[in-house]
Structure formats: structure tokens, C-alpha cells
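**Q** Below you'll find the structure I mean.
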Amino acid sequence: MPVTPAAIDDAVSRTVAIAGLAGVALIHVLQLPDAFSETFYLGLLFAGAAVASLLVATALTRATGRGVWTAAVALPALILIGYLLSRTTGLPGATDDVGEWDEPLGLASLVAETLVVCVGAAVLAAGRAPMAAMRAFPGAGSARQRRRAAALGLLDGRERAAE
């Protein structure tokens, strides 16, 4: 079976997103002691961010659907918003980080989260997420998905002929 450009794009996008989400999880685990010492709920949010990042990364190893990519964009985007709020207005009961823009782990987290948001947004904007597996592996997907992909012009000539 030939490797298509879509399959390569899919593999690279998923690998980058998975690595970024793993980085987000690791950074938040490393920050757990400080987060819990500052405010208990902040520690819970950090633990939740780490677990959710690993769950979304795991989902990306198995699926390339729009829902998985939406989660891969939404989770780090929400974490970024939390970071920005913690550095500008502060969070309820947690104002120690206001103005602390140069913390190394915080900056590393910003980079990882932004990377995942950008890659995921690009995948979603290209509209290739739901059909990537069908282009990469001819014959994959339900008959309904393949008909929809063919109607949208997402399959190449050989795959359309198989319809």
C-alpha cells in the first residue's frame, strides 16, 4: 500500500500534537507541589490538566477524527487562558503569580500549549481530520464516511473509482 502525502501529514501532525500534550502533562506534574501549596483547587486543576493531556494524547494515537482534534485544540487553549489569567488578574485565592512572566516551566508550558493549538487548528482548518485515515488507508472508514468524502472531493481518483 503506497504512503500518501495525506498519511504523512496525518502522522506528523499527530506526532507533534502527542509530544506537545505529553510535554504539557509533564510540566504540570512538575508544578503540582507548588500549585497545591499555593491553593488546593489550583493543584487539582494542574492534576486535571496533566491527566486530560495524557488522555487526549492517547486518543490521538488511535483516532484522527474532528472530535479528537477539537479536544486537542480546546484543552491547551483553556490551559493558556488559565495561565494568562493567573499572570494578569490572578485567580481566586491565587495571586502569587501575577506579573511572573519569566518562570521557566511556565514559558515551556506556553510553548508546548501554543504548538498543540496551532497544529490542531491547522488540521481542523484544512478539513482533513475526519477523512485522513480513509486517504491514508484505502478501504478504511464506513461506507457513509467514504460516500461523504467522495462527495466533498476528498478522495483521489483511485479511491473514487473504488466507490
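**Q** I'd like to verify a number: residues in segment 87-129 that are without any contact (Cβ under 8 Å) to a residue 60 or more places away in the chain, of a type in the set (S, T, N, Q) and in contact with a helix residue (DSSP H, G or I) (Cβ under 9 Å, 6 or more places away or on another chain), how many?
**A** Residues that pass the stated criteria total 2.
**Q** On to the next question. What pairs can you find where one residue is in segment 1-26 and modelled with pLDDT under 95, the other is among the charged types (D, E, K, R) and surrounded by fewer than 17 Cβ atoms within 10 Å (Cβ to Cβ), and their Cβ atoms are less than 9 Å apart, with a gap of 6+ or different chains?
**A** THR4/ASP156; ALA6/ASP156
**Q** In the list SER86, SER53, which residue meets the criterion of being in a helix (DSSP H, G or I), assigned by TED's automatic domain parsing to the domain that holds LEU42, surrounded by 14 or more Cβ atoms within 10 Å (Cβ to Cβ) and modelled with pLDDT under 95?
**A** SER86
**Q** For segment 89-116, what are the residues that are within 16 Å of GLN31 (Cβ to Cβ), of a type in the set (A, V, I, L, M, F, W, C) and modelled with pLDDT of 90 or more?
**A** LEU105, LEU107, ALA108, LEU110, VAL111, ALA112, listed by residue number.
**Q** Here is a follow-up. Of ALA108, ALA59, which residue is within 22 Å of the chain's Cα centre (by Cα) and buried (at least 16 other Cβ atoms within 10 Å of the Cβ)?
**A** Among ALA108, ALA59, only ALA59 is within 22 Å of the chain's Cα centre (by Cα) and buried (at least 16 other Cβ atoms within 10 Å of the Cβ).
**Q** Please find, within segment 75-105, the residue that is farthest from the chain's Cα centre (by Cα) out of those that are over 21 Å from SER53 (Cα atoms) and among the small types (Gly, Ala, Ser).
**A** Checking each candidate, the answer is GLY93.
**Q** Against the condition closer than 30 Å to GLY127 by Cβ, in contact with a Leu (Cβ under 8 Å, 6 or more places away or on another chain) and assigned to a helix (DSSP H, G or I), how does THR70 come out, does it pass? So that I can check it myself, show each step before the final result.
**A** Working: closer than 30 Å to GLY127 by Cβ: yes; in contact with a Leu (Cβ under 8 Å, 6 or more places away or on another chain): yes; assigned to a helix (DSSP H, G or I): yes.
In short, yes.
The values are calculated or read from the model by the stated rules, or taken from the named source; none is laboratory data. Everything quoted here is computed from the prediction, not taken from an experiment. We place every Cβ from the backbone using ideal geometry, glycine too, and count neighbours over all the protein chains shown.
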